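Beneath this line is the structure, given in structure tokens, with notes to follow.
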Amino acid sequence: MTNQLTHEQRLERSHITLMRSAKFALLSGIILLGESKAKSDIPTAYTDGRDKFYGKEFMDKLNDRELNFVVAHENFHVLYKHMNTWRKLWEQDPKLTNMACDFVINQQILDIDPEEELIQIPNVGLCLDAKYRGWDTKQVYDDLKKDAEEYGNRGNEDDQGSFDGHGFDQAKQMTPEERDQLEQAVDLAARQGDILAGKLGGTSGRDVGAIPDPQVNWREQLQDFVQSVCAGRDSSTWRRPNRRWLADGTYMPTPFSESIGPVVVGIDTSASISPDDINKFLSEVVKITEDMPPERLHLLYWDAAVAGEEVYMPGEYASLTGSTKPAGGGGTDPNCVKQFVDTMSTKPELVLMLTDGYIFDDWPNFNEPTLWVSTSNNKSPYGKTIHIK
């Protein structure tokens, strides 16, 4: 195939095409993460979980839509953190792990653009089977392992079983600190892409499972909490009867406020908290701002001290996940948040603490109404605690 553009220009054009499309805009932050290069010593394409590389001779065989498919493929590997998430699986069987990752990705790309308006399936022996639609990598791996004979001799570790290369070796050599840094960078890039996809009305990170759905019905939780301990009961609803009057056989509306005053949200970023945990916590925070937007949001990241404060106002909540910068990673002492709140000139209407709950006997007793969200079964002796997985 002849093309007047250089390999680098073709890559740039593919990036722009995908980032501008509602279907693939969710990859925009990931595309901008790390390096993307055309190289002569790459037989097809390759990612180490951050950087993406494309063989020049391989690119010469692809038309523009086929190249879009390959670029989306490599960036989905990064989005799903395949090199870190499935590293242990790869150590058991490299070929089947590579194949399982590709089966998941290729089907999703095709499902995002089934008419192949932007992408085209290249003729390179892809791992593609509609049977695996909606499956995760481990499920596909287990199924392939059972039916290994159907796919022939698995061969040695150099026999990839997929058209591209996967940098599991590099992931294995990373330190825990480097791995955490990469996962945080990918999470931030995923949230940035999700914001752009939302603005374009396209495929979101939640649609493909890259960003977790919030688990808590925050409208119900906060309305109950606000109505019991907070001010601002400026509305009422007949959709839920007031339980105080039901005992007397009287049907009365439940008072509630559609918005609340200033709120402090403290996210635990101690060493026991993973980047995935932080991503889940942020999903809950975004849902809060959507369901009951506070007058002002003070977002605190804390470990043994308050490592960062970010203040958001109405109109800025939609960009929170793209602009926030989690900080911390040390010990655990939530009393630092209480000390911070005690010095605030304008007191919050409530404090929301998101943590794994491994606080032992150091739970602080805030002067303000406090709602704890714990990923463990541990419960604060003060305020109210709800649990999420």
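The values are calculated or read from the model by the stated rules, or taken from the named source; none is laboratory data. Here the structure is a predicted model, which is why all the values come from computation and not from measurement. Glycine also receives a Cβ, built like all others from the backbone with ideal geometry; neighbour counts cover every protein chain displayed.
Set side by side, the residues Pro364, Pro381, Pro348 differ, and just one is more than 29 Å from the chain's Cα centre (by Cα), surrounded by 16 or more Cβ atoms within 10 Å (Cβ to Cβ) and more than 17 Å from Asp277 (Cα to Cα), which is Pro364.
Given the criteria in contact with a strand residue (DSSP E or B) (Cβ under 9 Å, 6 or more places away or on another chain) and either surrounded by fewer than 16 Cβ atoms within 10 Å (Cβ to Cβ) or within 27 Å of Gln192 (Cβ to Cβ) (or both), does Glu316 qualify? So Glu316 fits the description; yes.
Okay, residues lined up against (1) outside the structural domain of Asn106 (by TED's automatic domain parsing); (2) assigned to a strand (DSSP E or B); (3) of a type in the set (S, T, N, Q):
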{"site": "Ser14", "(1), (2), (3)": "no, no, yes"}
{"site": "Ser28", "(1), (2), (3)": "no, no, yes"}
{"site": "Ala38", "(1), (2), (3)": "no, yes, no"}
{"site": "Asp41", "(1), (2), (3)": "no, no, no"}
{"site": "Phe58", "(1), (2), (3)": "no, no, no"}
{"site": "Leu62", "(1), (2), (3)": "no, no, no"}
{"site": "Asn68", "(1), (2), (3)": "no, no, yes"}
{"site": "Val71", "(1), (2), (3)": "no, no, no"}
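Within the set Ala25, Ala38, the sole residue that is closer than 18 Å to Asp111 by Cβ and in contact with a Leu (Cβ under 8 Å, 6 or more places away or on another chain) turns out to be Ala25. When we screen Asn365, Asn377 for residues that are without any contact (Cβ under 8 Å) to a residue 24 or more places away in the chain and either farther than 14 Å from Ala305 by Cα or not assigned by TED's automatic domain parsing to the domain that holds Glu177 (or both), the only hit is Asn377.
Do the conditions hold for Pro275, that is, is it on the phi < 0 side of the Ramachandran plot and touching a Pro at 6+ places or on another chain (Cβ under 6 Å)? Against the criterion (on the phi < 0 side of the Ramachandran plot and touching a Pro at 6+ places or on another chain (Cβ under 6 Å)), Pro275 does not qualify. Here Ile42 does not fit the description of being crowded, with 20+ Cβ neighbours inside 10 Å, in contact (Cβ under 8 Å) with a residue 40 or more places away in the chain and touching a Gly at 6+ places or on another chain (Cβ under 9 Å). So how many residues does region 167-183 have that are more than 12 Å from Gly49 (Cβ to Cβ), crowded, with 16+ Cβ neighbours inside 10 Å and at pLDDT 80 or above? The total comes to 0. When residues in region 47-57 are screened for being buried (at least 20 other Cβ atoms within 10 Å of the Cβ), over 20 Å from the mean Cα position of the chain (by Cα) and touching a residue at least 40 places away in the same chain (Cβ under 8 Å), 1 of them pass.
Residues of region 364-384 that are over 19 Å from Ile260 (Cα atoms) and in contact with a Gly (Cβ under 9 Å, 6 or more places away or on another chain): Asn365, Ser374, Thr375, Ser376, Asn377, Asn378, Lys379, Ser380. Yes or no: region 76-99 includes at least one residue that is on the phi > 0 side of the Ramachandran plot, in the same structural domain as Leu32 (by TED's automatic domain parsing) and not in a helix (DSSP H, G or I). Within region 76-99, one or more residues are on the phi > 0 side of the Ramachandran plot, in the same structural domain as Leu32 (by TED's automatic domain parsing) and not in a helix (DSSP H, G or I). Looking only at residues that are part of a loop (DSSP other than H, G, I, E, B) and within 19 Å of Lys95 (Cβ to Cβ) in region 114-136, which one is modelled with the lowest pLDDT? My answer is Gly125.
Might you check whether a residue that is over 22 Å from the mean Cα position of the chain (by Cα), within 22 Å of Gly357 (Cβ to Cβ), of a type outside the set (A, V, I, L, M, F, W, C) and not assigned by TED's automatic domain parsing to the domain that holds Gln184 occurs anywhere in region 318-331? Yes, region 318-331 has at least one match. Annotation: of all residues in region 324-345 being of a type in the set (A, V, I, L, M, F, W, C) and part of a loop (DSSP other than H, G, I, E, B), the one that is surrounded by the most Cβ atoms within 10 Å (Cβ to Cβ) is Ala327.
Scanning region 277-323 for residues that are closer than 27 Å to Asp180 by Cβ, of a type in the set (D, E, K, R) and not in a strand (DSSP E or B) yields a count of 5.
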